[in-house]
Amino acid sequence: MSQHAVPARLNRSQLAVPGSSPRFIEKAATSAADVVFLDLEDAVAPPDKPAARKTVIEATRDVDWGERTLSVRINAPDTPFMYRDLVDVAEGAGERLDLILVPKINSAADVHMLDVLLTQIEAATGRKKRLGLELQIETAEGLVNADAIARASSRVESLHFGPGDFAASVGARTTTIGGAVPDYSVLADADSEGLRALYMGDPWHYVLARIVVACRAAGVRPIDGPYADFKDPLGLEWSAKRAAALGFDGKWAIHPSQIEALNEVFSPRPDEVLQAQRILAALAEAETAGRGAVVLDGKMIDAASIRQAQGLVEKARRVGAA
């Protein structure tokens, strides 16, 4: 399956909101997050899930969500809650709902199941807005199948890394979520004074790079998961910068205090936008003059540079419009 058309959405910050808390839901609706997801999974205890489901459905209908994208995270396919979540939310949520976020997706078959159910529900209820899917990669099996998952349905809009459950899935020796793992380090040889420097590595680099490649090949958005220590803004900033450098569009915020930093990190910098505009202007000038080669600041501009510049300017335009 080739790339499919995905709606152009800003997804720099994605705020997680407990679906059982009307107060937090109301606050989220006025936040600066690009995407808000109302959580029926980890943030809600099993006995409270039926009530939270009703609260979330009402919130999709009654709360003014402005221009931001609205999503609901249902429970995973391997739980007894998923079926009721999906059916009740898809049937009862207002047309304002844009996406459904699904955890622990392990294979394309999981996505096919979701697609078939949503298609039948939309046909039966006369729902006008087609619901998109956000899918979490949280297991070794899910990562192995990331390419097929990203291409499994035209509903798929993004893949999200779930660092906590993924660490548990592969048996990683860490209890942090999204943070550093001190033991994943390299000890250098001794210097002239016998001292040995310790260099920390990034245990999630392969996973993140793998998800980016799967997403970009399928034409969907790669989104990094949470940085759990919301009282560590510097750690969050560098976690976000790492993801942005690898090609991610955005990252989760588990607390409203994280939103501003994420929006800044995942927005094009003014100097980047200016350089991109100069590249496109040089291209336009060369085409007018009938020249095939484009040189700017002594460097040849190729087709890849032009595509990068166009994408960056377009993202800056969307940020400005938001």
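The values are calculated or read from the model by the stated rules, or taken from the named source; none is laboratory data. Here the structure is a predicted model, which is why all the values come from computation and not from measurement. In this analysis, Cβ positions are derived from the backbone assuming ideal geometry, glycine residues included, and neighbour counts consider all displayed protein chains. These accessible areas exclude ligands, DNA and RNA; they are computed on the full protein's heavy atoms, side chains included. Shrake-Rupley method; radii C 1.70, N 1.55, O 1.52, S 1.80 Å.
Looking across segment 23-55, the residues that are open to solvent by less than 80 Å² (accessible area, probe 1.4 Å), outside any loop (DSSP other than H, G, I, E, B) and closer than 17 Å to G66 by Cα come down to I25, A28, V35, V36, F37, L38.
Checked against (1) without any contact (Cβ under 8 Å) to a residue 12 or more places away in the chain; (2) open to solvent by 50 Å² or more (accessible area, probe 1.4 Å), S154 passes all but condition (1). In segment 93-124, the residue that is modelled with the highest pLDDT out of those that are closer than 21 Å to V35 by Cβ and small (G, A, S) is A93. Test V186 against the criterion of being under 25 Å from the mean Cα position of the chain (by Cα) and either exposed (fewer than 12 other Cβ atoms within 10 Å of the Cβ) or hydrophobic (A, V, I, L, M, F, W, C) (or both), and give yes or no. Answer is no for this residue. Hey, among R84, R61, which residue is of a type in the set (K, R), surrounded by 15 or more Cβ atoms within 10 Å (Cβ to Cβ) and not in a loop (DSSP other than H, G, I, E, B)? From the options R84, R61, the qualifying one is R84.
Yes/no per residue for (1) under 24 Å from S153 (Cβ atoms); (2) at pLDDT 95 or above; (3) under 17 Å from the mean Cα position of the chain (by Cα):
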{"residue": "M1", "(1), (2), (3)": "yes, no, no"}
{"residue": "I25", "(1), (2), (3)": "no, yes, no"}
{"residue": "A28", "(1), (2), (3)": "no, yes, no"}
{"residue": "D34", "(1), (2), (3)": "yes, yes, yes"}
{"residue": "V56", "(1), (2), (3)": "yes, yes, no"}
{"residue": "G66", "(1), (2), (3)": "no, no, no"}
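K128 fulfils the conditions (1) within 19 Å of S154 (Cα to Cα); (2) open to solvent by less than 30 Å² (accessible area, probe 1.4 Å) except for a single criterion, (2). Residue count for segment 102-140, restricted to those that are more than 19 Å from L40 (Cα to Cα), within 22 Å of the chain's Cα centre (by Cα) and among the small types (G, A, S): 4. All of L70, L97 fail the test of being assigned to a loop (DSSP other than H, G, I, E, B), more than 30 Å from V170 (Cα to Cα) and open to solvent by less than 60 Å² (accessible area, probe 1.4 Å), apart from L97. Within segment 195-218, if we keep just the residues that are over 22 Å from P268 (Cβ atoms) and in contact with a Phe, Trp or Tyr (Cβ under 6 Å, 6 or more places away or on another chain), the residue that is modelled with the lowest pLDDT turns out to be G201. Cβ-Cβ distances below 8 Å connect no pair with a first residue in segment 161-190 that is under 15 Å from N106 (Cα atoms) and modelled with pLDDT under 90, a second residue that is open to solvent by 60 Å² or more (accessible area, probe 1.4 Å) and part of a loop (DSSP other than H, G, I, E, B), and a separation of six or more residues or different chains. For segment 120-153, the tally of residues that are out of contact with any Lys or Arg (no Cβ under 9 Å at 6 or more places or on another chain) and of a type in the set (S, T, N, Q) stands at 4. Residues in segment 151-176 that are farther than 22 Å from S71 by Cα, of a type outside the set (D, E, K, R) and in a loop (DSSP other than H, G, I, E, B): G171, A172, T174, T175, T176.
Determine whether segment 7-17 contains at least one residue that is buried (at least 19 other Cβ atoms within 10 Å of the Cβ) and farther than 18 Å from K251 by Cα. Looking for residues that are buried (at least 19 other Cβ atoms within 10 Å of the Cβ) and farther than 18 Å from K251 by Cα, one finds none in segment 7-17, hence no.
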